[in-house]
Structure formats: structure tokens, C-alpha cells
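Trainee: For reference, the structure I am asking about is given below.
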């Protein structure tokens, strides 16, 4: 994973990305027990000139990664054996999560990771059964900032679904 993070950091330095944040199950590792996953999900904020286009493409970023040994395989870019899915921030919640990501260390490199509170809100927003199942796991690890979580849920209209999903003894 360090190799992928080094390349992501280099893309920020070179202006290919404005910012990034690790999301998904890999981000959960920073807050809870490991969750089975095979890839690294990375939310990215693209430079304004690139994100303002009618059709957004990741070609400059993919080209950079290919130049550094990555191989494109379907929706992933494989970096030293690790499938990485680069996801442009696709809505207000994911954009906020990327902008407010926290810095963490992975081995010898620093990276940006979505806050636990944003990860929980994204799980609720995405709404898949596997997302619902991951909420208790994230709540059992590091205790989230409940005030911040409440603010995020309210701001993004997710309070009702959160309350519905978290009622009962399982959460």
C-alpha cells in the first residue's frame, strides 16, 4: 500500500490531484478491526481545470500511474499488486469527506484518510446491505465523535436512514 500512497502523494505534488482520501473498507482499518477487501478505494479531488470539463476523465492520472509501473485492469489500477480504484468525489458528502480527511501514517509514508464519521455517513448514503453490516464494526472500534457524526448526518439528509439502520441491539 505504501507504493500506492507514494504515487498519490506525488500526483498531488505535481498538480494532477488537488487532494485525495482513502475511503471504503481500507479506511476502516484505521478505526476498527480489519474488514475483508481486495482493493484500495481512493476519493480524489481533481484540479479545477480538469473537473470543470463536460466529460471528466482520469486519463492524466492513469497515464502518470502507468509511467510509474501501474497496470490498468478493468476499473482498477494495479500498483505493485494492489488494485486501486480512483473515484472522483461524486457528491457533496464524498467531496466534504475528501477535503476534511485526516493524516495518518502507513509504514514510512503519510496519507489522507476519511474521518470515521464521514465513512459512517457514506455507508448510510450508499445503502447496500454490506454497508449496513459494516456500521457496527466501525462503531466497535474507535469511538466516533458523535457531535460531528450528527452534524454530517443532518447536513446530508441522512439522519432518518441512520436512525432506522442503527435501532436495535446490533448497533
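Trainee: Got a sec? Which of 134, 147, 161 is loosely packed, with under 14 Cβ neighbours inside 10 Å and in a helix (DSSP H, G or I)?
Mentor: Selected residue: 147, the only one of 134, 147, 161 that is loosely packed, with under 14 Cβ neighbours inside 10 Å and in a helix (DSSP H, G or I).
Trainee: Being touching a helix residue (DSSP H, G or I) at 6+ places or on another chain (Cβ under 9 Å), under 20 Å from residue 67 (Cβ atoms) and assigned to a helix (DSSP H, G or I) is the filter here, so list the residues in region 9-26 that pass it.
Mentor: Result: 10, 11.
Trainee: Counting just the residues of region 101-124 that are free of Cβ contacts under 8 Å to residues at least 24 places away in the same chain and outside any helix (DSSP H, G or I), which one comes out nearest to residue 135 (Cα to Cα)?
Mentor: It comes out as 102.
Trainee: Same structure, new question: Does residue 94 meet the test of being at pLDDT 90 or above, in contact with a helix residue (DSSP H, G or I) (Cβ under 6 Å, 6 or more places away or on another chain), surrounded by 13 or more Cβ atoms within 10 Å (Cβ to Cβ) and assigned to a helix (DSSP H, G or I)?
Mentor: Against the criterion (at pLDDT 90 or above, in contact with a helix residue (DSSP H, G or I) (Cβ under 6 Å, 6 or more places away or on another chain), surrounded by 13 or more Cβ atoms within 10 Å (Cβ to Cβ) and assigned to a helix (DSSP H, G or I)), residue 94 does not qualify.
Trainee: How many of the residues making up region 27-48 are surrounded by 22 or more Cβ atoms within 10 Å (Cβ to Cβ) and part of a helix (DSSP H, G or I)?
Mentor: Residues meeting the conditions: 2.
Trainee: Still on this structure: For residue 84, work out the one condition from (1) surrounded by 20 or more Cβ atoms within 10 Å (Cβ to Cβ); (2) farther than 29 Å from residue 49 by Cβ; (3) touching a residue at least 24 places away in the same chain (Cβ under 8 Å) it doesn't fulfil.
Mentor: Residue 84 satisfies all of (1) surrounded by 20 or more Cβ atoms within 10 Å (Cβ to Cβ); (2) farther than 29 Å from residue 49 by Cβ; (3) touching a residue at least 24 places away in the same chain (Cβ under 8 Å) except (2).
Trainee: Does residue 1 meet the test of being modelled with pLDDT under 95, in contact with a helix residue (DSSP H, G or I) (Cβ under 8 Å, 6 or more places away or on another chain), surrounded by 17 or more Cβ atoms within 10 Å (Cβ to Cβ) and farther than 15 Å from residue 115 by Cα?
Mentor: It is true that residue 1 is modelled with pLDDT under 95, in contact with a helix residue (DSSP H, G or I) (Cβ under 8 Å, 6 or more places away or on another chain), surrounded by 17 or more Cβ atoms within 10 Å (Cβ to Cβ) and farther than 15 Å from residue 115 by Cα.
Trainee: So if I check each of 66, 6, 53, which one is exposed (fewer than 14 other Cβ atoms within 10 Å of the Cβ) and either part of a helix (DSSP H, G or I) or touching a strand residue (DSSP E or B) at 6+ places or on another chain (Cβ under 8 Å) (or both)? It would help to see each step written out before you state the result.
Mentor: Details: 6 fails: exposed (fewer than 14 other Cβ atoms within 10 Å of the Cβ); 53 fails: either part of a helix (DSSP H, G or I) or touching a strand residue (DSSP E or B) at 6+ places or on another chain (Cβ under 8 Å) (or both).
Going through 66, 6, 53 in turn, the sole match is 66.
For (1) at pLDDT below 95; (2) out of contact with any helix residue (DSSP H, G or I) (no Cβ under 9 Å at 6 or more places or on another chain), each residue gets a yes or a no:
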position	(1), (2)
107	yes, no
125	no, no
129	yes, yes
146	no, no
149	no, no
159	no, no
171	yes, no
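The values are calculated or read from the model by the stated rules, or taken from the named source; none is laboratory data. Owing to the predicted nature of the structure, the values given are computational and were not obtained by experimental measurement. Every residue, glycine as well, gets a Cβ built from its backbone with ideal geometry; the counts of neighbours run over all protein chains shown.
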